[in-house]
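Sharing a structure here in structure tokens format.
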Amino acid sequence: MDLFSGAGVLVRQTDAMNLNGRSNIFCAGLALAVLGPLACKSTLAVFPDAQSLVSAQHGWCAELARFEAPQDQAWGQLAACRKGTPTGSAPFVVQLTACYRQHHESEGENALDMGALVARCSETVLAAAEPAGFKGSEPVRTRCARMKRCSQVPEEACLQALENLDPMQKVSLTSAYSLAAQHAIAQCLEASACAPDEDAAQRACYDAPQKERVWFPSN
């Protein structure tokens, strides 16, 4: 099913993924490798999925408050959570939230801890995804430009190789992330130097956003 569609051209789309059926300048001093500019909320508004990401984040926070707070007490981190900006796309966060809720409701006191459950639900969501607009996404176009620059691989050959990836891999490279995060990943791919191990260099641009696809409490 087409769970993760519409992740193509930056700014021309209205959402990073399509839930039915399963300018763009960051803050000065962009910290490419660590996505530091995601803290600059005003700049995120230039991305068309910004509002849907806020809604998805609030839904995630509501479920955390429901299951993580001590019984009959307010969750002390709700305000911090609602201010958080995940690097995951809105549909990714929404679908992960649903998985999280379903697990808690079915397992009760035997539910996994938050870290383990997020890891499991992330795999579940990504495994069910079917991307669209993959070749037009900013990370893919920038990755292939980098491959031409660093490895003399023609862009068309790069695009064809990436097109042969399985759906889960495609989503993991593109539409699992918000447009802001995709833009930061692309800028990291573009700005970082060519390396003897290009696979590792390109993976490094995903390290921080992968860890921050959903918001976690600070303690």
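May I ask you to say which residue of P154, P167, P139 is closer than 19 Å to V94 by Cβ and of a type outside the set (D, E)?
Details: P154 fails: closer than 19 Å to V94 by Cβ; P139 fails: closer than 19 Å to V94 by Cβ.
Being closer than 19 Å to V94 by Cβ and of a type outside the set (D, E) holds for just one of P154, P167, P139, which is P167.
While we're looking at this one, here's another question. Just give me the residues in segment 162-197 being over 19 Å from the mean Cα position of the chain (by Cα), in a helix (DSSP H, G or I) and modelled with pLDDT of 95 or more, in sequence order.
Across segment 162-197, the qualifying residue is only A191.
Taking segment 116-145 as the search range and keeping residues that are among the charged types (D, E, K, R) and touching an Asp or Glu at 6+ places or on another chain (Cβ under 7 Å), which one is modelled with the highest pLDDT? Outline the logic, then answer.
To start, the set of residues in segment 116-145 that are among the charged types (D, E, K, R) comprises 120, 123, 130, 135, 138, 141, 143.
In the following step, the residues that additionally are touching an Asp or Glu at 6+ places or on another chain (Cβ under 7 Å) were identified as 130, 135.
Numbers: E130: 80, K135: 90.
Ranking the candidates gives K135 first.
Can you tell me which residue in segment 54-102 is nearest to the chain's Cα centre (by Cα), limited to those that are hydroxyl-bearing (S, T, Y) and closer than 15 Å to F216 by Cα?
Filtering segment 54-102 for residues that are hydroxyl-bearing (S, T, Y) and closer than 15 Å to F216 by Cα, the one nearest to the chain's Cα centre (by Cα) comes out as T87.
Related question: Are there any helices (runs of 4 or more DSSP H) wholly within segment 13-84 with 1 or more residues that are touching a Phe, Trp or Tyr at 6+ places or on another chain (Cβ under 6 Å) and either at pLDDT below 90 or surrounded by fewer than 18 Cβ atoms within 10 Å (Cβ to Cβ) (or both), and if so which? Show your work before the answer.
Numbers: elements: 41-44, 50-68, 78-83.
In segment 13-84, the matching helices (runs of 4 or more DSSP H) lie at 41-44, 50-68.
Just to be sure I understand the filter: pairs with C-beta atoms under 6 Å, separated by 6 or more residues or on different chains, first member in segment 100-125 and assigned by TED's automatic domain parsing to the domain that holds E63 and farther than 18 Å from E212 by Cβ, second member part of a helix (DSSP H, G or I) and not small (G, A, S). Which pairs pass?
These pairs meet every condition: R101/E63; H103/L117; H104/F67; A111/H103; A111/H104; T124/C99.
I would also like to ask the following. Restricting segment 132-143 to residues that are under 15 Å from S192 (Cβ atoms) and buried (at least 22 other Cβ atoms within 10 Å of the Cβ), which is farthest from the chain's Cα centre (by Cα)? Step through it out loud before you land on a result.
At the first step, the residues of segment 132-143 found to be under 15 Å from S192 (Cβ atoms) are 139, 142-143.
Going one step further and asking which of them are buried (at least 22 other Cβ atoms within 10 Å of the Cβ), we end up with 139, 143.
Values: P139: 12, R143: 17 Å.
Going through the qualifying residues, I end up with R143.
Here's a follow-up. Give me the pairs, please: first residue somewhere in segment 149-166 and under 16 Å from E198 (Cβ atoms), second residue anywhere and exposed (fewer than 12 other Cβ atoms within 10 Å of the Cβ) and modelled with pLDDT of 95 or more, beta-carbon distance under 6 Å, and either six or more positions apart or on two chains.
C150/C194
For segment 57-90, which residues satisfy the criterion of being closer than 27 Å to Q182 by Cα and either of a type in the set (G, A, S) or not assigned by TED's automatic domain parsing to the domain that holds E105 (or both)?
Residues of segment 57-90 that are closer than 27 Å to Q182 by Cα, as a first pass: 57-64, 78-90.
Correct list: G59, A62, A79, A80, G84, G88, S89, A90.
The values are calculated or read from the model by the stated rules, or taken from the named source; none is laboratory data. Fair warning: this is a prediction, and the values are worked out from it, not measured in the lab. Note that we place each Cβ from the backbone using ideal geometry, even for glycine, and neighbour counts take in every protein chain shown.
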